[in-house]
Amino acid sequence: MSKKTTGYILLITIALASIITLLYEFNIVAVPATVMVVVRWVTAAVLVLNALVRRNLTTWILTCMILGIFIGLDLPNAARALQPLSQGFIKLVKTIVGPILFSTLVFGIAGHSDLKQVGRMAWKSMLYFFLATTCAIFIGLAAINLTQAGVGIDIEHMPHEELPTTSAVSEADKVALEHIDESAHWLFKFTTFFRDTFPENIVKSIYENKVLQIVVFAVIFGIGLAMVEEKKRKPLVDFTESLSEAMFKFTNLVMLFAPIGVGAAMAYTVGHLGVDILKNLFMLLATLYLALIMFLLVVLLPVALYLKVPIKQFVNAIKEPVSIAFATTSSDAALPKAMSAMEKFGVPRRIVSFVIPTGYSFNLDGTSLYLSLASIFVAQAAGIDLSFGQQLAIAFTLMITSKGVAAVPRASLIVLIATADQFGLPVFVIAAILGIDELMDMARTSVNVIGNCLATVVVAKWEGEFDEAAPFHVDSDEDGIKEIAEVIEEGPENETRS
């Protein structure tokens with residue numbers, strides 16, 4: 001069966017399924033629940049057929065996401081039991097993060113010995129990150145003040161979960177704060193952020209997945225290596241180049257498991273929370289999603305248009321890492337694929353390997369927007385009227401505290417709890433919105449990935465090193481599946497013997 005025929009069948013099936021679902025959800029026609037089950041699984045069968053015909057990794061990922069939703073709806077117990085598969089996928093991806101960041105950064109710096117460019121990239125990246133996250137924070141404030149989503153909410157009937165016990169301030173720092181006047185607490189907390197960017201042990205930083213610490217170590221190591229004479233520098237530079245190439249091939253292998261991991265993550269989310277959870281806090285969810293869409297349209301899209309970034313090609317380049325981020329709620333899971341996608345899009349590897357890892361700590365646009373929106377929502381739900389000045393104070397605090405948030409699910413909750421506590425907002429309200437935090441995390445994590453991918457293009461254009469023709473190149477084996485199959489069948493290419 002041809003791709004075109006399969007596409008028509010899929011389009012018709014989805015259209016009919018959507019109409020029947022709308023009739024069922026709005027009680028326009030009395031559609032039996034058993035009919036809805038049949039509709040879902042007929043759609044699933046057509047989606048699988050389409051994926052088999054197209055033989056494309058991105059298609060399989062999107063197909064498995066939808067299959068995960070269906071399993072979560074119709075087989076919730078089985079869906080919850082699939083969580084280890086998604087956890088296994090994320091663990092496998094995290095084995096890539098440390099080596100790929102270290103090798104690409106060191107090779108990018110020492111391999112070209114252009115330390116001035118590293119300095120230029122650093123201040124240009126930080127300037128862009130600051131402007132983008134500031135816009136995100138203020139869009140979040142504007143959205144929640146416009147919708148007033150927290151006003152009049154019945155907190156007692158909201159889903160409750162226990163709050164994380166992790167504190168934003170370590171026990172040692174709490175002891176230190178006891179000997180510092182309260183007026184200087186903000187300065188101590190501000191300086192601890194800079195302290196914590198430096199690794200005490202690079203192996204420990206990789207083990208704990210401290211992206212910013214890995215970046216700092218790799219940058220300093222790369223600069224140091226660039227200062228070594230050519231004869232002694234070359235072996236290490238060659239090693240990091242080989243390691244980075246191997247890790248990108250390793251990524252292609254790991255991503256073959258992505259459809260299963262992503263599908264299991266989606267199944268667990270729906271099976272654990274159910275779709276009815278949307279009805280409890282629809283206004284909050286709608287506000288977040290609309291605010292994130294507004295950020296994409298008002299901030300990121302104009303930046304892309306101004307720089308003449310080919311939008312269609314950019315969307316095609318990022319759709320796979322974004323879909324992985326959406327389903328797994330983890331930016332780390334999308335990092336290797338985002339880096340390789342941007343390199344193929346025309347951004348030099350040395351820029352990709354510097355901007356994206358740095359952006360994972362300083363350019364979390366979706367998380368910044370969520371934090372500003374959620375903090376005001378907490379105040380509204382508790383009936384606390386915050387003045388414009390107080391809201392600005394919260395916004396400026398979030399500009400600092402949101403930096404360095406770990407790229408893992410729910411890490412932003414720690415920052416939200418710390419901010420709420422600092423401004424006297426009731427923390428128990430945060431526990432009430434935890435029930436849907438995973439659904440909110442999907443959207444904000446996706447925007448984080450989109451923002452960091454665009455940031456690489458911005459810096460590359462700014463540096464005058466963007467390959468304008470690369471986005472229009474057609475890669476017949478963009479997922480590396482054909483290459484993997486050839487290696488398995490024929491074995492590695494033999495070297496020519498003299």
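The values are calculated or read from the model by the stated rules, or taken from the named source; none is laboratory data. Everything quoted here is computed from the prediction, not taken from an experiment. Please note: Cβ atoms are built from the backbone with ideal geometry, for glycine as well, and neighbour counts cover all protein chains shown. Just the protein is used for accessible areas: all its heavy atoms, side chains included, with ligands, DNA and RNA removed. Shrake-Rupley method; radii C 1.70, N 1.55, O 1.52, S 1.80 Å.
Just the residues that are open to solvent by less than 30 Å² (accessible area, probe 1.4 Å) and within 14 Å of Ser323 (Cα to Cα), please, taken from the stretch 64-79. First the steps, then the outcome.
Step one: list which residues in the stretch 64-79 are open to solvent by less than 30 Å² (accessible area, probe 1.4 Å), which gives 64-65, 68, 70, 72, 79.
Once the filter is applied, which keeps residues that are open to solvent by less than 30 Å² (accessible area, probe 1.4 Å) and within 14 Å of Ser323 (Cα to Cα), the stretch 64-79 yields Cys64, Met65, Gly68.
Tell me which residues, restricted to the stretch 170-220, are open to solvent by 40 Å² or more (accessible area, probe 1.4 Å), among the charged types (D, E, K, R) and either under 20 Å from Ile109 (Cβ atoms) or part of a helix (DSSP H, G or I) (or both).
Glu171, Lys174, Glu178, Glu182, Lys189, Arg195, Lys204, Lys210 - these are the residues of the stretch 170-220 that are open to solvent by 40 Å² or more (accessible area, probe 1.4 Å), among the charged types (D, E, K, R) and either under 20 Å from Ile109 (Cβ atoms) or part of a helix (DSSP H, G or I) (or both).
Glu241 passes all but one of (1) open to solvent by less than 60 Å² (accessible area, probe 1.4 Å); (2) in contact with a Phe, Trp or Tyr (Cβ under 7 Å, 6 or more places away or on another chain); which number fails?
So Glu241 meets the others, but not (1).
For the stretch 385-498, which helices (runs of 4 or more DSSP H) that fit wholly inside it have 1 or more residues that are open to solvent by less than 10 Å² (accessible area, probe 1.4 Å), under 30 Å from Ser340 (Cα atoms) and at pLDDT 80 or above?
Values: elements: 388-401, 411-422, 428-433, 437-463, 481-490.
In the stretch 385-498, 437-463 are the helices (runs of 4 or more DSSP H) which contain 1 or more residues that are open to solvent by less than 10 Å² (accessible area, probe 1.4 Å), under 30 Å from Ser340 (Cα atoms) and at pLDDT 80 or above.
One residue is enough: does the stretch 16-33 have a residue meeting the conditions outside any helix (DSSP H, G or I) and under 23 Å from the mean Cα position of the chain (by Cα)?
no
Tell me the residue from Ala45, Ala30 that is open to solvent by 50 Å² or more (accessible area, probe 1.4 Å) and either modelled with pLDDT under 90 or of a type in the set (Asp, Glu) (or both), please.
On the way: Ala45 fails: either modelled with pLDDT under 90 or of a type in the set (Asp, Glu) (or both).
Of Ala45, Ala30, the one residue that is open to solvent by 50 Å² or more (accessible area, probe 1.4 Å) and either modelled with pLDDT under 90 or of a type in the set (Asp, Glu) (or both) is Ala30.
So if I check each of Ile61, Ile100, Ile90, which one is open to solvent by less than 10 Å² (accessible area, probe 1.4 Å), in contact (Cβ under 8 Å) with a residue 60 or more places away in the chain and under 16 Å from Phe257 (Cβ atoms)? Show your work before the answer.
On the way: Ile100 fails: under 16 Å from Phe257 (Cβ atoms); Ile90 fails: open to solvent by less than 10 Å² (accessible area, probe 1.4 Å).
From the options Ile61, Ile100, Ile90, the qualifying one is Ile61.
Which members of the stretch 103-119 meet the condition of being open to solvent by 40 Å² or more (accessible area, probe 1.4 Å) and modelled with pLDDT of 85 or more?
Those that are open to solvent by 40 Å² or more (accessible area, probe 1.4 Å) and modelled with pLDDT of 85 or more: none in the stretch 103-119.
Can you tell me which residue in the stretch 244-255 is nearest to Ile96 (Cα to Cα), limited to those that are of a type in the set (A, V, I, L, M) and open to solvent by less than 30 Å² (accessible area, probe 1.4 Å)? If you could, list the steps in order and put the result at the bottom.
Of the stretch 244-255, the ones of a type in the set (A, V, I, L, M) are 246-247, 253-255.
This time we only want the ones that are open to solvent by less than 30 Å² (accessible area, probe 1.4 Å), so: 247, 254-255.
Values: Met247: 7, Val254: 9, Met255: 11 Å.
Looking at residues that are of a type in the set (A, V, I, L, M) and open to solvent by less than 30 Å² (accessible area, probe 1.4 Å), I get Met247.
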